[in-house]
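Right, one structure below, let's go through it.
The values are calculated or read from the model by the stated rules, or taken from the named source; none is laboratory data. What you see is a predicted model, and the numbers here were worked out from it, not measured in a lab. As a convention, Cβ positions derive from the backbone with ideal geometry for all residues, glycine included, and neighbour counts pool all protein chains shown. Only protein heavy atoms, including side chains, enter the accessible area calculation; ligands, DNA and RNA are left aside. Shrake-Rupley method; radii C 1.70, N 1.55, O 1.52, S 1.80 Å.
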Amino acid sequence: MSLFGRRKPGFSKEVELRPEDISDEFSDRNDPAMARNSNPKEEKAEMAARAQAVMDGTAVSAAPAASGERQAAQSAEKVDLFDYMDSLPEVEDPFTPSEDPMVPDPEAEAEKEQQERKPAELLAQYIRHRSMAAQLTPKKPLAEEEPQLEEMLAEMRAMESCQDIASVTGKKDEYFYSNEVMANNYAMIAMLVLEKDLATTVAHMVRFNCKTYPSPTPLYYFMRSPYDYTKPQLDQALRVIQSREDTQDIKTVESFNGVLYMYAEGIMSRKYAKALADDGEADEGDF
């Protein structure tokens with residue numbers, strides 16, 4: 001009895017298919033993947049060769065059928081990237097590294113920008129770099145190197161991009177700086193230090209401090225940076241100040257603890273200078 005009962009009229013008869021009855025078109029014997037070597041030893045050697053070829057990266061046919069093909073596959077050379085590149089024909093690169101439009105050359109860009117700048121702009125940039133290093137730029141050395149300096153300075157002063165360039169004038173020279181980098185007061189002090197006129201430097205700063213803050217100036221003020229004068233140098237400067245006609249307004253006064261202060265007569269009275277000196281020394285003692 002069949003599994004589902006009696007077969008009804010109209011149902012086909014069960015047919016059992018045998019391998020030899022299957023058409024060659026669908027037979028495993030035509031499938032390369034199902035091909036097998038009749039000799040087990042040769043088949044094993046063939047499979048080992050295929051595995052080694054995969055690990056070595058060599059070019060091997062999908063299914064070598066003859067022993068000659070297997071030997072050729074085993075002796076195939078490795079595919080090497082550098083060998084492949086060497087085998088390519090020589091083609092001249094149309095672009096040099098600096099001319100490649102997709103890769104800008106920093107040095108070429110900087111040189112182009114430098115060439116496009118006017119001489120006055122280059123001078124301003126030079127002054128700014130020195131100002132960043134806390135240095136003034138004296139005029140005389142510039143004039144020795146650049147005959148057209150006056151024309152460059154006039155052009156620089158007229159340019160909107162160079163309005164930060166200022167100057168301070170001493171007895172010996174004119175000094176340039178960038179007031180965006182260096183304070184005007186510091187530039188004035190740096191100018192006095194550069195000119196190495198101790199008496200003028202002391203008198204100028206005493207007048208400046210009396211008028212600006214107002215405050216008398218202690219002698220030790222000039223022993224600190226950026227002056228760094230010694231006590232013998234300051235004693236000599238005071239003697240020069242007392243003997244010069246243009247510095248007769250500079251006077252001295254002592255605080256309650258004997259510290260020497262200087263003030264400018266005509267800007268500050270002696271009594272006021274003494275009171276401020278005492279207050280200053282009292283504040284110093286609190287620290």
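Here are the numbers for the structure shown:
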item: Pairs from LYS139/LYS231; LYS118/LYS139; LYS172/LYS274; LYS196/LYS251; LYS118/LYS196 whose Cα-Cα separation, in the structure shown, is over 23 Å; result: LYS139/LYS231; LYS172/LYS274; LYS118/LYS196
item: With 5 Å bins from 0: P(r) over the range 167-227, alpha-carbon pairs, percent; result: 4, 17, 28, 26, 18, 7, 0
item: Summed residue charge, Cβ within 12 Å of GLU146's Cβ, Lys/Arg positive, Asp/Glu negative; result: -2
item: Accessible surface of ASP83 - all protein chains present, 1.4 Å probe, nearest 10 Å²; result: 100 Å²
item: Separation between Cα centres of the range 223-287 and the range 159-203, rounded to whole Å; result: 23 Å
